[in-house]
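Visitor: To start, I am sharing the structure in question, which I have written as structure tokens.
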Amino acid sequence: MPRTEFLATGFHVPSRLVTNEDLAGMMETSDEWILQRSGIKTRYWVGPGETGVGLAKAATLKALAKARLQPADLDCIVYCTCTPDHFEPGNGVFLQRELGLSDIPAVDVRNQCSGFLYGLSIADAWIRTGQYRTVLLVGAEVHSRGLDKTTRGRDTAVLFGDGAGVAILGPTVDDGRGVLSTHLFSDGRHAEKLWVDGPGLAHDPFVSHEMLDQNLHRPVMEGREVFKFASTLMPQSVQLALQANGLTLADVKLLVPHQANLRIIEMVRQATGLREEQVFINIQKFGNTTAASIPIALDEALDAGRLRRGDVLVLTAFGSGFTWGSAAVRW
Ligand code: UT7
């Protein structure tokens, strides 16, 4: 059975750069608070006319060019987002249409910050069994339009950014390389600790003026609880990835963690025992882009020469659900 390798990656963010000072002009917050608590300096937010699918298309075209492939070479789209352009259908079919394709499957994955890992696991299984050969894996989000940009929503509004990151995946003929493992977890007992309640079909009517007045359409987070679970469960899943593959800490060239909070990433690093140069961090520039954060970070890491053929890469994520997991890849 072949393993799955990354043929190319790409990312795209909107053109509007939003600084912490910009946010301090919208709500009661400060550059100092945001930087100290999260490590974030800037993030990108969409402007008029920009959409999640538009960002995903731009990222896809960059990755296709690097892989020297055409859209028609893709056999399947796996699109991970928790901020879809529309209630239905999912963003995957809109991206498919934008790419000029009409005869391949497009599936949407809704696993928030862990979306890219869940999508990778699905794509890997399809590639290994031979069901699909060249898979476009997308993590793309537009958070900014959904955030409460007043002081009431400041605990979440300052954290999230928009962006898209993609990977083009395919079978490798080289036995030693490719995706070595994926480990996925979820625990729905914590679903309401980070969620958007409505609109939703659990409500009757599913959308109402009252619902909007109550702000149910904005993300709500118990930040400290999320922090506590994230900083415990991500290190555990990294250790699992290493154990499952008989790898030691010294074997890891790079850990690319989901970028939710600089303090969480530092706790993950300390709990696992990895050295600073083994962990990739770019949260300061992009904020938390949920499903897009790992592929954006991976593309930047590759661009910076942090990963070479044969190196061991470990990915880990944690997010709403709760959902979390890890992947190990020999590059
Ligand atoms: O992607 C996965 C999901 N997300 C995460 O992993 C995020 C996990 N959580 C966190 O990163 C952190 O909990 C936060 C960054 C969200 C918050 O940091 P914290 O150190 O846990 O702060 P806190 O929630 O305990 O709030 C401390 C204070 C509060 O004021 P009082 O009650 O102490 O007077 C908040 O009202 O900071 C206040 N606060 C703010 N102040 C200025 C909350 N948000 C802001 C803000 N600016 N933006």
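Visitor: Can you name the residue in segment 263-280 that is hydrophobic (A, V, I, L, M, F, W, C) and in contact with a Lys or Arg (Cβ under 9 Å, 6 or more places away or on another chain) and is also surrounded by the most Cβ atoms within 10 Å (Cβ to Cβ) among such residues?
Guide: So the first thing to find is which residues in segment 263-280 are hydrophobic (A, V, I, L, M, F, W, C), and the list is 264-265, 267-268, 271, 274, 279-280.
Restricting the remaining residues to those that are in contact with a Lys or Arg (Cβ under 9 Å, 6 or more places away or on another chain) gives 279-280.
On the way: V279: 18, F280: 21.
Going through the qualifying residues, I end up with F280.
Visitor: Mind listing whichever residues of segment 219-235 are in a helix (DSSP H, G or I) and either more than 10 Å from the ligand (Cβ to nearest atom) or open to solvent by 30 Å² or more (accessible area, probe 1.4 Å) (or both)?
Guide: Step one: filter segment 219-235 for residues in a helix (DSSP H, G or I), giving 223-235.
G223, R224, E225, F227, K228, F229, T232, L233, P235, listed by residue number.
Visitor: Could you tell me whether any residue of segment 153-164 is away from the ligand (no atom under 11 Å from the Cβ), more than 21 Å from F94 (Cβ to Cβ) and of a type in the set (K, R)?
Guide: Looking through segment 153-164, none of the residues is away from the ligand (no atom under 11 Å from the Cβ), more than 21 Å from F94 (Cβ to Cβ) and of a type in the set (K, R).
Visitor: Specify the residue that is nearest to F11 (Cα to Cα); the eligible residues are those in segment 120-152 that are away from the ligand (no atom under 16 Å from the Cβ) and open to solvent by less than 10 Å² (accessible area, probe 1.4 Å).
Guide: In this case the residue turns out to be V138.
Visitor: Between a residue in segment 116-141 that is farther than 27 Å from V46 by Cα and any residue that is of a type in the set (S, T, Y), which pairs come within a Cβ distance under 8 Å, given they are 6 or more apart or on different chains?
Guide: Once the first residue is farther than 27 Å from V46 by Cα and sits in segment 116-141, its partners that are of a type in the set (S, T, Y) give S121/T182; A123/T4; A123/Y132; D124/T4; D124/T182; W126/Y132; I127/T4; R128/T4.
Visitor: Among (1) assigned to a loop (DSSP other than H, G, I, E, B); (2) in contact with a Phe, Trp or Tyr (Cβ under 8 Å, 6 or more places away or on another chain); (3) open to solvent by less than 20 Å² (accessible area, probe 1.4 Å), which single condition is P199 missing?
Guide: Against the list (1) assigned to a loop (DSSP other than H, G, I, E, B); (2) in contact with a Phe, Trp or Tyr (Cβ under 8 Å, 6 or more places away or on another chain); (3) open to solvent by less than 20 Å² (accessible area, probe 1.4 Å), P199 comes up short only on (3).
Visitor: If I ask for residues that are in contact (Cβ under 8 Å) with a residue 24 or more places away in the chain and of a type in the set (S, T, Y), which ones from segment 1-57 would you list?
Guide: Of everything in segment 1-57, those that are in contact (Cβ under 8 Å) with a residue 24 or more places away in the chain and of a type in the set (S, T, Y) turn out to be T4, T9, S15, T29, S38, T42, Y44, T51.
Visitor: Say whether the condition of being modelled with pLDDT of 95 or more, of a type in the set (S, T, Y) and over 23 Å from H12 (Cβ atoms) is met by at least one residue in segment 285-299.
Guide: Within segment 285-299, not a single residue is modelled with pLDDT of 95 or more, of a type in the set (S, T, Y) and over 23 Å from H12 (Cβ atoms).
Visitor: Among the residues of segment 236-255, which ones are without any contact (Cβ under 8 Å) to a residue 60 or more places away in the chain and open to solvent by less than 70 Å² (accessible area, probe 1.4 Å)?
Guide: Listed by number, the residues that qualify are G246, L249.
Visitor: I'd like the full set of residues that are outside any strand (DSSP E or B) and under 30 Å from K41 (Cβ atoms), limited to segment 158-190.
Guide: V158, L159, G161, D162, H190
Visitor: Looking only at strands (runs of 3 or more DSSP E) that lie completely in segment 10-102, which have at least 3 residues being within 26 Å of G170 (Cβ to Cβ) and open to solvent by less than 50 Å² (accessible area, probe 1.4 Å)? Show your work before the answer.
Guide: Values: elements: 16-19, 42-45, 76-80.
The qualifying strands (runs of 3 or more DSSP E) are 76-80.
Visitor: Which residues, taken from segment 281-306, are open to solvent by 10 Å² or more (accessible area, probe 1.4 Å) and among the aliphatic types (A, V, I, L, M)?
Guide: I281, L302, A304 - these are the residues of segment 281-306 that are open to solvent by 10 Å² or more (accessible area, probe 1.4 Å) and among the aliphatic types (A, V, I, L, M).
Visitor: Kindly provide the set of residues from segment 192-205 that are away from the ligand (no atom under 16 Å from the Cβ) and within 22 Å of Q112 (Cα to Cα), ordered by number.
Guide: D197, G198, P199, G200, L201, A202, H203
The values are calculated or read from the model by the stated rules, or taken from the named source; none is laboratory data. Everything numeric in this text was worked out from a predicted model, so none of it was measured. FYI the Cβ positions are ideal-geometry reconstructions off the backbone, even for glycines, and counts take in every protein chain you see. Only protein heavy atoms, including side chains, enter the accessible area calculation; ligands, DNA and RNA are left aside. Shrake-Rupley method; radii C 1.70, N 1.55, O 1.52, S 1.80 Å.
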